[in-house]
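A quick write-up on the structure given underneath.
Read-outs: derived from the displayed coordinates by stated rules, not from any lab. Note that the coordinates shown come from a computational prediction; the quantities given were computed from them, not determined experimentally. When we count neighbours, we look across all protein chains shown, and the Cβ atoms used for this are built from the backbone with ideal geometry, even at glycine.
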Amino acid sequence: MKNSSIIYSVKEKLLTFMSNYEILENNKVVAAVDQKLTFFKDNIKINSNYGDLTVKGDIFGIDYEIFQGNKVIATASKELFAFTDNYSVNINFEDEAFILCLVVIIDNIKDKRKNNQ
């Protein structure tokens, strides 16, 4: 929320094999976040109004980075000794709220994967 108004909302698409989400701004889709299955690891594809973004690193572990092209626009690190999921997020991007939406979505995907094992 910014000045008591909602900036973004997140909608999960249900009944899909892999996790799929939409980020909405004023009820308009501004990004699609899709979990893709590859041969060796899970992959997250982000198609947004900011272009295609890439998540690299240990998505389902502790640390990962979000890229716009070759530029790192955010890093997320999970704090190890916490009773809940706590993250340190460093953002080098004009839309901090958008990046925080992505971090929440990635955490949700990670939790779902952990609960299914």
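What the table shows:
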read-out	value
Cα shape, the chain, gyration tensor, a/c 1.5 rule	rounded
Helical mean residue ellipticity (222 nm; -39500 (n - 2.57) per DSSP H run of 4+; nearest 500) of the chain	-6000 deg cm²/dmol
Extension gain (nm, one decimal) between Phe81 and Val104, 0.36 nm per residue minus Cα-Cα	6.4 nm
Ascending count of other beta-carbon atoms within 10 Å, so fewest first, for Leu102, Leu15, Leu53	Leu15, Leu53, Leu102
Least to most buried among Thr54, Thr84 (fewest other Cβ within 10 Å first)	Thr84, Thr54
Rel. contact order, % - alpha carbon contacts under 8 angstrom, at least six apart, the chain	14 percent
Pairwise label distance in nanometres, Ile7 with Leu24, each label 7 Å out on the Cα-Cβ vector	1.9 nm
Inter-label distance for Asn90 and Lys71, nm, one decimal - labels placed 7 Å from Cα along Cα-to-Cβ	1.7 nm
